[in-house]
There are 2 protein chains.
Amino acid sequence: MRRHHHWLAVLVLGGLAMTAASDEGMWLPSDPPRELLRKKYEFDLTDAWMKRAMLGSVRFNNGGSGGFVSAGGLIVTNHHIAADALQKLGTPQRDLYRDGFLAADRAGELKCPDLELNVLQEILDVTAEVNAAVKPEMKAAEAAAARRAVMGKVEKESLDKTGLRSDVVTLYNGGLYHLYRYKKYTDVRLVFAPERAVAGFGGDVDNFEFPRMNLDVAFFRAYENGEPAKTPHFFTWSETGPAENDLVFVTGHPGTTNRLETLAKLKHRRDLTLPYTLYRLRTLEAALTQFSEQGPEQRRQAATDLHRVANARKAFSGQLQGLLDPTVLGTTPFTGKHGQETALSMQLLDLAPGSGRYQITYRATLETIAAVQTKFATFEKEYGLLETGHGFFTELFGIARHCVRMGDELPKPAADRLREYRDSNLDSLKFQLYSPAPLYPELERVKLQASLTFLAENLGGDHSTVKLVLAGKNPAARADELIAGTKLLDPAERKRLVEGGKAAVAASTDPLVVLAAAIDPEARRLRKRYEEEVEEPERQAYGEIARLRFQAFGRGVAPDATFTLRLAFGTVKGYEVGGEALPFHTTFGGAFEKHARLGGREPFDLPKRWLDGKAKLDPATPFNFVSTADTIGGNSGSPVLNRAGELVGINFDRNRHGLVRNFVYTDVQARHIAVHSRAVLEALRKLYPAAALVKELTGK
Amino acid sequence: MRRHHHWLAVLVLGGLAMTAASDEGMWLPSDPPRELLRKKYEFDLTDAWMKRAMLGSVRFNNGGSGGFVSAGGLIVTNHHIAADALQKLGTPQRDLYRDGFLAADRAGELKCPDLELNVLQEILDVTAEVNAAVKPEMKAAEAAAARRAVMGKVEKESLDKTGLRSDVVTLYNGGLYHLYRYKKYTDVRLVFAPERAVAGFGGDVDNFEFPRMNLDVAFFRAYENGEPAKTPHFFTWSETGPAENDLVFVTGHPGTTNRLETLAKLKHRRDLTLPYTLYRLRTLEAALTQFSEQGPEQRRQAATDLHRVANARKAFSGQLQGLLDPTVLGTTPFTGKHGQETALSMQLLDLAPGSGRYQITYRATLETIAAVQTKFATFEKEYGLLETGHGFFTELFGIARHCVRMGDELPKPAADRLREYRDSNLDSLKFQLYSPAPLYPELERVKLQASLTFLAENLGGDHSTVKLVLAGKNPAARADELIAGTKLLDPAERKRLVEGGKAAVAASTDPLVVLAAAIDPEARRLRKRYEEEVEEPERQAYGEIARLRFQAFGRGVAPDATFTLRLAFGTVKGYEVGGEALPFHTTFGGAFEKHARLGGREPFDLPKRWLDGKAKLDPATPFNFVSTADTIGGNSGSPVLNRAGELVGINFDRNRHGLVRNFVYTDVQARHIAVHSRAVLEALRKLYPAAALVKELTGK
């Protein structure tokens, strides 16, 4: 037996060594993989390099990343991250999302109605303080409350002290707690976006695919006090871009990975969460597609919703294929999840020879997590439908719920509130809630009808909540009535309700407010169950596993993604598919060739500007490139940097082989995809009247 | 109590009187509603009229209806019923489904690879013979076997005696059994189809909507012995078409209605069957849409599959909205299902005063059906996925299964076989199975991948059948392997396997054949459970309910639809939506107006021929019209006749208000929609070089 363990331990260490040699990892800016970079790439990651990467990186709070590219507040991101702002700034007469935009000058830059950007300034480890507040003898409910309270307190104190947005971030699923302080920009203006047809050339077909030819970029500018922000920490735009085999870095905000989750949790995702999610997304996609087909204006209104839903559907489909692939969850020692658990268990046995106490703890913790999944399965759909809001897929319902809940929550002491109403978050929340961005009643009606139907499909027509929600009508008639009757399209009404507090809410006859209030007891009950029976036990269990992993492996593994700043690195290189070698980059010429080959039919329809201007462009200009760096959703818009810290690309996607990276890193075929920095310059110089923008980027 | 019953009985009778006065009913050609027509419309339905209606009506075995419109075998149906043949006759170079077709002369008519048409010749009541074979003391399994055996025997004897295709049809869900004898045509040739863009103008957006502007027609010709069939019983084409308030008849083959189903059964549909079905259809629709978007050829290949799936999705969505509408399932005496059950129960009490035996039987039968649903819920998904084949959505799997099962079944005595392998069906089955119609591996791969994924989503990755099916791969890789390896694209290989019998199947290494064989024990187990635990108990229960209904009401209610010939009737008239009065017909002018208003963008893109020829057309030509006649899916392509038995229209759809007609008839807003006979003539005369066709239709 002992020999057997040793053999496994060697393999595990070998495996870690292999991991160490791979480009895996979305690393904390406070704990970057210096040694790894030195060993594998002979790159010395200096404090100055890291500081600029941190202060130059921008979080788009609508779910993406970006980076400063001038000292005057200019920011680059993806067109698909700008999409939300483009949609909100668009009108029936001016479809900015479809047609693009270029500000003639500073005065012409368009202020976004509700875009908040965050720039990370500082990281503090508050693990000890958080853990000290949660006593071992506490029951789950108490522990959850205590943790929520201490996190809110730390955040509030930091906000009061620094004036900076302050968030406590849970790392390693509960192994560490860090306080992140952000500089916040809420005056953000649109500078440039290309036409959607070239930003997303290939549409859903080419999404998560490579070779790819997308100008998926947009530029914004951060303002302070009505003036362009001063941003001395920015990335110099590289005129050349990356070469093959170059080391590159991706600095951005990966949203979610599940690599530290246990086999039981991933099986739960595979068999329950993902099927439910795909069922939901396909339902919404069908409804949005049908709405879009009604005519040009409907198409304009639904465009970004439809893109978001289709994108999510494709990403989750890839995840499901990954979890159904036996090599991912299987028993193979380092790549299979089951194999990883066996290996860690054996390694832990070696750490406490004789007593086996680490291994025993680990096994018990795995069982705890498995038991949590069994429990969660009994109310997961109801929780998703009622509390997460899948049954009410319209922003108007979310607004109604905030009005109702703020009436209840804000009078409470901060520590007792639902976490989204903590003091340090209120400004950002109100900024969103009172947004003057337009909402379209017909579109919201269609979305609500689809989601109310989905609610009934999942719970059944006789379910008490379904009856309460539908109020004696079918979903179609009920959606008609709710949207026709609500006044929440008007931000002033939202403000009136929030400022009027509980009394104003209670007096409101707005049917959406009445509905949100009516289901709130049940939604809160489900939330409480989730927090106490799922979230808290999982957090404690993963905290335990994190401590055991630290024991066994040290900090050789980065924490799962948390939509906070991370540094990834990798090599620019192509890969093989079905025996065909794909080069590391595509070209402008390739885009024109594909347009011609597929008849210029949507989604392979380059814009008129490109077709007219084809002769002006160098067809050999590199368009998109790939590298092995470890990215995930949320990294969209991330700056891709070279050794010198110059911006050589803008990350915008992974290929489909990379969709499994939620669960395991692989670099055989998996790649992230970025727009080449030269492509942007070439297009701006030759096709768009953007001389000022080019000058700001290059000094020329 | 007694008074109370009387009051209800009066209401029930009143309700029946109301029903009698409405245009409800898909009536048996052997038992048409003569008295009703005389009373309400002063129309004398003669034997001669009915005989022509029967012998002139055509069943399209791919799921639609049509009618003879010349003595030379010419048949009119819908473009969307012709779609399957158009797709199969199309090639990458000649997209008949999209571009239409007109035979230059008889020699130019295109023979369809696998289209079988049936024309009903005779109906015999075999209820007594079927029921005599099923003894009351038999257990469900025995009863099911005995019924299957006697039905097969009756059919075989009829086939041997008459040479006609002979099917025993179950009516009133088991209340009556009729033997239908059909003349069969398997040499059917395409004569004319318009462009899809005008046949289905408005696409999915306008599907199940009115006002509507569709030239949803196509013409075929039946051949016998290489010559056009002689069809003396045909419908004269009306040059004028119907006027407002005209009485019209629809003679066709409605597929399925559920009006006699119980509340428990309909709730089961609402809460389980329909949600599962919609989840499945949306999954397939997303996959087919993505495949279509890859390029023009993919779009051509997937066009009819996508239309079928989207059409079904929209129909079932309407059904679900209907079942979630409390007025449909609720307690209102005549319109709500619950109310109907209460009323029948009270009526039955009045029929057996004192003993209450009828009512007791009825209540017990309702409970039996409710209990069946509870049982079915435990294996319904597995049954659908494995036996119905939802987990293997490619015709190639269906072919593989037939090869496997015919090896097992054909050596058995006819009475012991699965019903689809009964002697009287074998010719039709082989006609389909050996069809030379093309199948496209890439499309089949995508469909199989989507459905294998759906299988795993529903049963979970650790389910033994899922593991067996996926064989250690994920659904994507498994679909690749199955489609790449199969030889079943070649009809000769199918024939070789069927003719080689069990030995040839056992020796086959074709991965689809191996898969079909591997899961067959489990699929057959589920089939057996379904037949014995669901189908047979339901059939007995509904037979009982039918007998009770006959006791209470006589034959005042038509049986549910069974994809056999039925006669419906109604009044040509418009209706109101949201206060707006919709006229009973649309015009050509309206189509051009809508094209212009929506920018001529798909699906509102009239074909070039129409745009170029606009000036030649009379814009006031009636295009589509509506009536109150009672139709359902399967009625597509049905002749719409006037009092004189002339063809005044071709039914092609219902409006969305009519989607609930699966469960209840309503005529407030619900209408079927037909192409006006004048529209067809005007288009053929002015836009298509179809003088010969017009002459055959009109003699001019």
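The values are calculated or read from the model by the stated rules, or taken from the named source; none is laboratory data. Owing to the predicted nature of the structure, the values given are computational and were not obtained by experimental measurement. All Cβ positions, glycine included, derive from the backbone under ideal geometry; neighbour counts span all protein chains shown. Note: accessible area is taken over every heavy atom of the protein model, side chains too, but ligands, DNA and RNA are not part of it. Shrake-Rupley method; radii C 1.70, N 1.55, O 1.52, S 1.80 Å.
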**Fill in**
Scattering profile of region B:544-603 from the Debye formula, Cα beads only, expressed as log10 I(q)/I(0) at q = 0.14 Å⁻¹, is -0.75
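Which whole-number value in Å³ per residue fits the convex hull of the alpha carbons of chain B?
Numbers: hull volume 110.7 nm³, N = 700.
Dividing the Cα hull volume of chain B by its residues yields 158 Å³.
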**Request:** With a point put 7 Å past each Cα toward its Cβ, work out how far B:TYR41 is from A:LYS430 in nm, to one decimal.
**Result:** 6.9
**Item:** Kirkwood Rh and Cα Rg combined as Rg/Rh, region A:373-453
**Value:** 1.04
**Complete:** Residue by residue through region A:127-134, the couplings from Karplus 6.51 cos²θ - 1.76 cosθ + 1.60 with θ = phi - 60°, in Hz, x for Gly and Pro, are 4, 4, 5, 5, 5, 5, 6, 9
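Give me the Å³ per residue figure for the convex hull around the C-alpha atoms of region B:526-638. List each step's numbers first, then the result.
Working: hull volume 26.0 nm³, N = 113.
Normalising the Cα hull of region B:526-638 by residue number yields 230 Å³.
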**Item:** Amide H partners (placed H, <5 Å) of A:THR331, local residues excluded
**Value:** A:GLY339
**Asked** Over all directions, what mean area does the Cα convex hull of the protein assembly as shown project, stated in square nanometres?
**Response** 55.6
**Message:** If I stretch the segment between A:VAL694 and A:GLU522 completely, what's the gain in nm (0.36 nm per residue apart, minus their alpha carbon distance), one decimal?
**Reply:** 56.4 nm
**Prompt:** So for region B:289-352, Kirkwood radius off the Cα pairs, Stokes-Einstein at 37 °C and 0.692 mPa s: how many µm² s⁻¹?
**Reply:** 220
**Complete:** Ignoring ligands and nucleic acids, chains A and B bury, in total, an accessible area (1.4 Å probe) to the nearest 100 Å² of about 3400
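Quote to one decimal, in nm, the extra length available between A:SER22 and A:ALA48 on full extension: 0.36 nm per residue of separation minus the C-alpha distance between them.
Values: separation 26, 0.36 × 26 = 9.36 nm, distance 2.49 nm.
Full extension of this stretch gives 6.9 nm more.
Among the listed pairs A:LYS267/B:LYS375; B:LYS111/B:LYS156; B:LYS594/B:LYS700; A:LYS40/A:LYS573, give every one whose C-alpha distance is greater than 21 Å.
Violating the 21 Å Cα-Cα cut-off are A:LYS267/B:LYS375; B:LYS111/B:LYS156; B:LYS594/B:LYS700.
How big is the Cα convex hull of region A:661-700 in projection, averaged over all directions, in nm²? Intermediate results must be reported in sequence, preceding the final value.
Working: hull surface 17.8 nm².
Convex hull of Cα atoms, orientation-averaged projection: 4.5 nm².
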**Prompt:** Given just the C-alpha atoms of region A:13-167, how large is their convex hull per residue in cubic angstrom?
**Reply:** 223
**Prompt:** Taking amide H positions as placed 1.01 Å from N in the peptide plane, with prolines and chain starts having none, which residues 5 or more places from A:GLY72, or on another chain, fall under 5 Å of its amide H?
**Reply:** A:THR231
**Asked** In region B:600-655, if every C-alpha pair distance is counted and binned at 5 Å from zero, what percent goes to each bin?
**Response** 4, 14, 18, 17, 17, 16, 11, 3, 0
**Request:** Would you pull out the residues with amide H under 5 Å of B:GLY634's amide H, same chain only if 5 or more places away, H placed 1.01 Å from N?
**Result:** B:GLY255
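Mind checking the dipole of the protein assembly as shown: about its Cα centre, +1 per Lys or Arg Cβ, -1 per Asp or Glu Cβ, Debye to the nearest 20?
Working: 184 positive and 174 negative charges, 71 e Å.
Rounded to the nearest 20 debye, it is 340 debye.
Determine Rg/Rh for region A:204-328; Rg is computed over alpha-carbon atoms and Rh is the Kirkwood hydrodynamic estimate from the same atoms.
1.06
For region A:58-120, with only Lys/Arg (+1) and Asp/Glu (-1) charged at the beta-carbon, what is the dipole magnitude about the Cα centre, in debye rounded to 20?
Values: 6 positive and 7 negative charges, 5 e Å.
Approximately 20 debye in magnitude.
Calculate the dipole size of chain B relative to its Cα centre from +1 charges on Lys and Arg beta carbons and -1 charges on Asp and Glu beta carbons; express the result in debye to the nearest 20.
On the way: 92 positive and 87 negative charges, 71 e Å.
The calculated dipole for chain B is roughly 340 debye.
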**Request:** Positive end of the charge dipole of the protein assembly as shown (Lys, Arg +1 and Asp, Glu -1 on Cβ, about the Cα centre): tell me which of A:THR331, B:SER65, B:ALA302 has its Cα farthest that way.
**Result:** A:THR331
**Prompt:** In whole Hz, what ³J(HN,Hα) sequence does region A:504-514 give by Karplus (6.51, -1.76, 1.60; θ = phi - 60°), x for Gly and Pro?
**Reply:** 5, 5, 5, 7, 6, 9, 4, x, 6, 5, 4
**Message:** Step by step: find N for region B:319-360, compute 2.2 N^0.38 Å, then divide the Cα radius of gyration by it. What's the final number?
**Reply:** 1.43
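Any chance you could run the full-extension gain for A:ASP105 through A:GLU137? It's 0.36 nm times the residue separation minus the Cα-Cα distance, nm to one decimal. Don't skip to the answer; put the middle values down first.
Values: separation 32, 0.36 × 32 = 11.52 nm, distance 6.24 nm.
Length gained, A:ASP105 through A:GLU137: 5.3 nm.
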**Item:** Label-zone membership for region B:580-600, site B:GLN669, 7 angstrom Cα→C-beta point, backbone N under 12 Å
**Value:** B:580-582
**Complete:** Cα-Cα pairs in region B:20-98 separated by more than 19 Å, as a whole percent of all pairs, come to 56
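With N residues in region B:494-565, what two-decimal value do you get for its Cα radius of gyration over 2.2 N^0.38 Å? List each step's numbers first, then the result.
Working: Rg = 20.7 Å, N = 72, 2.2 N^0.38 = 11.2 Å.
That works out to 1.85 for region B:494-565.
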**Asked** What is the distance in Å between the Cα centres of region B:320-343 and region A:280-309?
**Response** 33
**Label point 7 Å beyond Cα of A:ALA615 along Cβ direction - residues of region A:646-686 with amide nitrogen under 18 Å** = A:686
**Request:** Using label points projected 7 Å from each Cα along Cα→Cβ, tell me how many nm separate A:ARG357 and B:ALA415, to one decimal.
**Result:** 7.7
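What is the mean projected area of the alpha carbon convex hull for region B:163-234, to one decimal in square nanometres? Please list the in-between numbers first.
Values: hull surface 33.4 nm².
Hull-based average projected area comes out at 8.3 nm².
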**Request:** Step through the residues of region B:193-210 one at a time and calculate ³J(HN,Hα) from phi using the Karplus curve (6.51 cos²θ - 1.76 cosθ + 1.60, θ = phi - 60°), rounding each to whole Hz and writing x for Gly and Pro.
**Result:** 9, x, 5, 4, 5, 9, 5, x, 3, x, x, 5, 4, 8, 4, 6, 10, 8
**Asked** When the Cα centres of region A:211-232 and region B:239-257 are compared, how far apart do they sit, in Å?
**Response** 63
